[in-house]
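K.L.:
Okay, handing you the structure first.
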Amino acid sequence: MEVLKNKKIISIGIIFVVLAVAATYLVVQQFNNKEEIVELPYQEFARRVEAGEIQRVFLSEGPQLKGTFTSGESFVTDNPRNDQLKELLLLKAVEVEEVSQQYTPSQIVTFVAVILVFGILAIFLSRQSSRQTSKEYDKMSSVEYSSNQEKRISFGNVAGNQEAKDSLMEMVDFLKNPEKYEKYGARMPKGVILYGPPGTGKTLMAKALASEADVDFMAVSGSDFVQIYAGVGAARIRSLFKKAREKGKCVIFIDEIDAMGKKRDRGGIGGSDESDRTLNALLTEMSGFKGSEGIIVLAATNRLDTLDEALLRPGRFDRQIEVGLPDINARREILALYCKDRPVEETLDLNALAHQTVYFSGAKLENLMNEAAIFAAREDANCITQQHIDRAFYVVVAGEEKKDRSSIEELDRRITAYHEAGHAVVTKLLCPNNRVTKVTIIPSTKGFGGFSMNIPADKMYQTKRDMMNNIKVALAGRIVEEIIFGSDNITTGASNDIQKATEILTAMVKRFGMNESIGMINYDVLMGHQGTDQRLIEVCNQQMNKLFTETKEVIEGHMTLVKRVAEALLDQETLNEKDINDMYSEYTKETA
Ligand code: ADP
Ligand code: ZN
């Protein structure tokens, strides 16, 4: 086979060489021809016409006029493109020939040869690649999947998310004994969608379901089905289900199903055809298998609202389970789970740690404990301590802690310290329900200098005052910079703060009816999501300036406290909740 293929390539190669040589020859020929042509000034041409020395002229539209002398020599001259020229020449007994193009035969041959060479080259290359394609197509249309046969994962490995777990546990029995349910005419879901932020344990739960039911687990990703070649995605779906049927009972897990099941763009021409085909193949396969087969398709997505409704109809993914970020109890459980097999300090306060890790996903908590373990191992410590966890905290939230702090200019440290002190002090002054759990000026590789975390008290609604205060907290960093270092020395360090403040403010104005001049209007409904117009910008700008001035007044009244916090930060680099609270209560006692 190989030899045969090589021979073919060689023979095609030879054809190329021959054609290339021929083309080159013709081009050279063409240049040689040119030398025999006399270039004639037009005046001279006119004189020779008068003298009767011109045999023939080729009239054309081109810039040059060609012809031959009576001596047989060729010449060219400027083409006057004069309508009378032909008559003039004829009167002088010159033979006139009209040509539409000025190409000489040899030029045409050269042209054709070049086209031929490139044409054949193109055909050859495309045939090579299409042969490759058809070979790859077979390979591509079967999809790689991973299974979890190596390691048993039970629902015990999943902490928190009780409702989601309960919902999936119901299905364990169905997977084990589908016949039982069939007998009672119960229609069990064929597909379940798990939706929620990344790292919340969706994959983990799908694996747990398969292991607890003791069936095979086949994991693929929605993006595996998004292919440039037409029909490959659909072929992969068919191949996946074929393999699943061969296995008998199993759990098929499709991660990131939104990659292939995005809302379809109705009325659009072409473009989404391919993803339509893939999606249709999936729907067909899902309606095709019987409940008694014991196959369940679990799919995960970060956002349910982007999915095509067709996926969510009965008989398809008709059960949707939310998997959210863990609350404080769940966070403690997850932390406990990852402390279980690790040597941790006995005094470690998981409750406090759970408090500090608001908005952490399960994956982030796992990552936190893992990084802490790495720090402990690097130091050959006896066990993982709070200190290791503290350091791991910054790795997890903001990338690796920078080792060399000496390189950081003193001014940068001062700016960061005052900026962060601004956030902390304003939080204490304006948001007594929010907690400042940590303030630091330790830089991270992700760029921002410090990090201050304030945890809003758990509640269902936010008031207008809460939101305005949150904006003020965000603005406080920049304001202190401005007061201490002057308005020309403000830094880029506030960009995240500005983003946050803008987000809160636009939500207030656009969605929550919290601005008098805009009123009880949802801006997006009104404007059809093009949302930003001059008026909105003006209203927001005005409001933001007002909040800025108010915050500045608050801060100016408490600069003593800001300075104390900032100096403490410069000294200790990190302040914890107790440090901040102590400084604050001491300050309030003094000023009372
Ligand atoms: P998702 O599929 O939701 O993006 P994963 O299931 O892949 O998240 O979670 C990644 C990792 O995070 C898991 O392997 C596990 O180590 C950890 N994890 C996430 N959520 C939990 C949880 N609720 N309980 C225990 N571990 C969790
Ligand atoms: Zn800031």
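K.L.:
Whole-Hz Karplus ³J(HN,Hα) for the stretch 365-379, in order, using 6.51 cos²θ - 1.76 cosθ + 1.60 and θ = phi - 60°, x for Gly and Pro?
P.N.:
Taking θ as phi minus 60°, the curve returns 5, 4, 4, 4, 5, 5, 5, 4, 4, 5, 4, 4, 5, 4, 8 Hz for the stretch 365-379.
K.L.:
I want to check the label-to-label distance for Ser74 and Ile537. Put each point 7 Å from Cα in the C-beta direction and report it in nm to one decimal.
P.N.:
For Ser74 paired with Ile537, the spin-label model returns 6.6 nm.
K.L.:
Between Arg152 and residues 5 or more places away or on another chain, which pairs have amide H atoms under 5 Å apart, with H built 1.01 Å from N, and which residues are they?
P.N.:
For Arg152, no residues qualify.
K.L.:
Also, I was wondering about something else. How high is the relative contact order of the stretch 410-591? Use alpha-carbon pairs under 8 Å, at least six apart in sequence, and give a whole percent.
P.N.:
This gives 29 percent for the stretch 410-591.
K.L.:
I'd like the FRET efficiency for Glu503 and Glu573, computed as 1/(1 + (r/R0)^6) with the beta carbon distance as r and R0 of 41 Å, rounded to 0.05.
P.N.:
Once rounded, the FRET efficiency stands at 0.90.
K.L.:
Tell me which residues come under 5 Å, amide H to amide H, from Leu325 once H is placed; ignore anything under 5 positions away on its chain.
P.N.:
none
K.L.:
Still on this structure, I have one more. Multiply the residue separation of Asn496 and Asn522 by 0.36 nm, subtract the distance between their alpha-carbon atoms, and state the gained length in nm to one decimal.
P.N.:
Going from the current span to full extension adds 6.8 nm.
K.L.:
Hey, another quick one. How would you order 470-481, 168-179, 205-216 from highest to lowest mean count of nearby Cβ atoms within 10 Å?
P.N.:
Listed from highest to lowest mean packing, they are 470-481, 205-216, 168-179.
K.L.:
Counting Lys and Arg as +1 and Asp and Glu as -1, what is the net charge of the other residues whose Cβ lies under 14 Å from the Cβ of Asp83?
P.N.:
Here the charged neighbours net out to -1.
K.L.:
For the stretch 269-332, rounded, prolate or oblate, judged on the Cα gyration tensor with a ≥ b ≥ c (square roots of eigenvalues), a/c < 1.5 rounded, else prolate if a/b > b/c?
P.N.:
The shape class here is oblate.
K.L.:
Sticking with this structure for a sec: I'd like to compare 297-308, 247-258: which one has the highest average count of other Cβ atoms within 10 Å, and what's the full order after that?
P.N.:
247-258, 297-308
K.L.:
Which FRET efficiency value, to the nearest 0.05, do you get for Tyr181 and Phe485 by plugging their Cβ-Cβ distance into 1/(1 + (r/R0)^6) with R0 = 45 Å?
P.N.:
Between Tyr181 and Phe485 the formula returns 0.05.
K.L.:
Rounded, prolate or oblate: which fits the stretch 184-262 when a ≥ b ≥ c are the square roots of the eigenvalues of the alpha-carbon gyration tensor, with rounded for a/c under 1.5 and prolate only if a/b beats b/c?
P.N.:
oblate
K.L.:
Calculate, for Asn581 and Glu170, the FRET efficiency according to 1/(1 + (r/R0)^6) with r their C-beta to C-beta distance and R0 41 Å; round to the nearest 0.05.
P.N.:
0.30
K.L.:
Over the stretch 328-398, calculate the relative contact order: mean separation of alpha carbon pairs under 8 Å at least 6 apart, over the residue count, as a percent.
P.N.:
Contact order relative to length: 36 percent.
K.L.:
Please list 75-84, 417-426, 552-561 highest first by mean number of surrounding beta-carbon atoms within 10 Å per residue.
P.N.:
By packing density, highest mean first, the sequence is 417-426, 552-561, 75-84.
K.L.:
Name the residues whose placed amide hydrogens come within less than 5 Å of the amide hydrogen of Arg319, ignoring near sequence neighbours (fewer than 5 apart) on the same chain.
P.N.:
Correct list: Gly191, Ile193.
Every number in this text was worked out from the coordinates using simple rules, so none of it is lab data. Since the structure is predicted, the reported quantities are computational estimates derived from the model, not experimental observations. Quick reminder, even Gly has a Cβ in these numbers, built from the backbone with ideal geometry, and neighbours come from all protein chains shown.
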